[in-house]
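Working notes, beginning with the structure itself.
The values are calculated or read from the model by the stated rules, or taken from the named source; none is laboratory data. In this text the structure is predicted, and so the values were computed from the model without any measurement. Counting neighbours? That spans all protein chains shown, and the Cβs are built from the backbone with ideal geometry, glycine included. Keep in mind that these areas ignore ligands, DNA and RNA; they rest on the heavy atoms of the full protein, side chains included. Shrake-Rupley method; radii C 1.70, N 1.55, O 1.52, S 1.80 Å.
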Amino acid sequence: MRAIITLFWTNPGTVPPPDVETLPDGRTWWCCTLLDYSHPEELAIRAAHAPPYVLGSGWSQGWTPVLAPPKRWSGARKAQTRRRNLRRRLEAAVPLFAGQFEAEELARRPGYFDAQTIEAENVRSAQEKNR
């Protein structure tokens, strides 16, 4: 797992000392990206490169995981799964009329089971999320 290790100012009521050069955010003194946080050399990298600081001085060390973006299903895969789940639920509840109820549900909500409509909704929600 990749991670970003930082040495940052944590005293919320004050600003970092003026003699310390910080990154552009004004609160981060040091930052390092590790390709594998669980690697045994991680402690050696931190000890060799992180600036020295005194505990209780307002500086704190932390890490943030760098996660891969979640994998999304395609519209065709999602539509196929929705139809399969509908059929499975109807077969369990009303096996004799499952075909009839499935056709009625597909006619009543065609967009919910259509791959192109699902893709359009995914694109629209991604655009809204990025605003």
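Descriptive notes on the structure:
- Among residues of segment 40-68, those that are modelled with pLDDT under 80 and open to solvent by 80 Å² or more (accessible area, probe 1.4 Å), counted: 10
- For beta carbons closer than 7 Å, sequence separation of 6+ or different chains, a first residue in segment 104-131 that is without any contact (Cβ under 8 Å) to a residue 60 or more places away in the chain and within 19 Å of L90 (Cα to Cα) and a second that is open to solvent by less than 60 Å² (accessible area, probe 1.4 Å) and part of a loop (DSSP other than H, G, I, E, B), the qualifying pairs are L106/F113.
- Checked against (1) at pLDDT below 80; (2) closer than 30 Å to D114 by Cβ; (3) aliphatic (A, V, I, L, M), A3 passes all but condition (2).
- Members of segment 53-85 that are among the aliphatic types (A, V, I, L, M) and either farther than 20 Å from L106 by Cβ or touching a strand residue (DSSP E or B) at 6+ places or on another chain (Cβ under 9 Å) (or both): V54, L55, V66, L67, A68
- Sole residue being among the β-branched types (V, I, T) and under 28 Å from R2 (Cα atoms), chosen from T22, T117: T22
- The requirement of being under 30 Å from the mean Cα position of the chain (by Cα) and not hydroxyl-bearing (S, T, Y) is not satisfied by Q100.
- Of the residues making up segment 12-27, those that are at negative phi and either open to solvent by less than 100 Å² (accessible area, probe 1.4 Å) or not in a loop (DSSP other than H, G, I, E, B) (or both) are G13, T14, P16, P17, V20, T22, L23, D25, R27.
- Pairs meeting the criteria (first residue in segment 77-96 and in contact (Cβ under 8 Å) with a residue 12 or more places away in the chain and under 15 Å from F113 (Cα atoms), second residue among the hydrophobic types (A, V, I, L, M, F, W, C) and open to solvent by less than 50 Å² (accessible area, probe 1.4 Å), beta carbons under 7 Å, at least 6 apart or on different chains) are K78/I118; A79/F113; A79/A115; A79/I118; R82/F113; R83/F113; R87/A98.
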